[in-house]
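First up is the structure itself, then whatever we jot down about it.
What follows draws every value from the coordinates through simple rules; no lab data is involved. Bear in mind the structure is a predicted one, so any value in this text is a computation, not a measurement. Here Cβ is always computed from backbone atoms with ideal geometry, including for glycine, and neighbour counts include all displayed protein chains.
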Amino acid sequence: MVPGKRLRALERAKMSWSGLPDHIEKHLTPEPNSGCWLWTHTLQYGYGMYWKPDKQPWGRVHRLAYESLKGLIPKGLQIDHLCRTRCCCNPNHLEAVTQRENILRGTAPSAVNSRKTACPAGHLYKEYGYRTLKDRRCRECDRLYSKRKYDAVRKRPK
């Protein structure tokens, strides 16, 4: 990036994050393409961490940014990164959601499976239903598999 462009991006971003404490501001770097405010200091599992001298000495920076610039996080809600960048602290990229919503928006197997509407053979889960044992199984595929297995046993010579 051209130095002049970076400086202008920093100036634009600083106007937006003026409500944050100084010791937090100095570790933020704006990313001009995505609009993320990237935390460039301590990270844990990709989330920005900062030192706060009270009962819990480490805090997550994105929570501090949200609370400083948007207000308190409602009880029972979590902060979700809409940009999917864990070290982002831009409150416009953060949203307070339930734990269920936060998990379903992610990329974990439970979230991926919840978005599926049909089995690999093309049977709609809504129409045929499914069951879960170790994995998600379409009832129609299960029925066809059992029928093939039954027919194979019956045709076997004695």
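Points worth noting:
- Here Ile103 and Lys134 are evaluated by their C-beta separation; at R0 = 22 Å the FRET efficiency comes out at 0.65.
- Rounded to the nearest 20, the size of the Cβ-charge dipole of the chain about its Cα centre is 1440 debye, with Lys and Arg at +1 and Asp and Glu at -1.
- Within-15-Å neighbourhood charge of Leu43 [Cβ basis; K, R +1; D, E -1]: +3
- Computed across the chain, the Kirkwood radius stands at 19.5 Å (inverse of mean 1/r, all Cα pairs).
- Lone cysteines, the chain (no partner Cβ under 4.7 Å): Cys83, Cys87, Cys89
- Mean residue ellipticity (222 nm) of the chain, computed from DSSP H runs ≥ 4 via -39,500 (n - 2.57), nearest 500: -11000 deg cm²/dmol
- Greater than 25 Å apart at Cα, pairs in Lys126/Lys155; Lys126/Lys147; Lys75/Lys134; Lys116/Lys149: Lys126/Lys155; Lys75/Lys134; Lys116/Lys149
- Relative to its Kirkwood radius, the Cα radius of gyration of the stretch 116-155 gives an Rg/Rh of 1.06.
- Highest-MSF residue in the chain out of Gly35, Gly71, Gly129 [GNM, Cα springs under 10 Å]: Gly129
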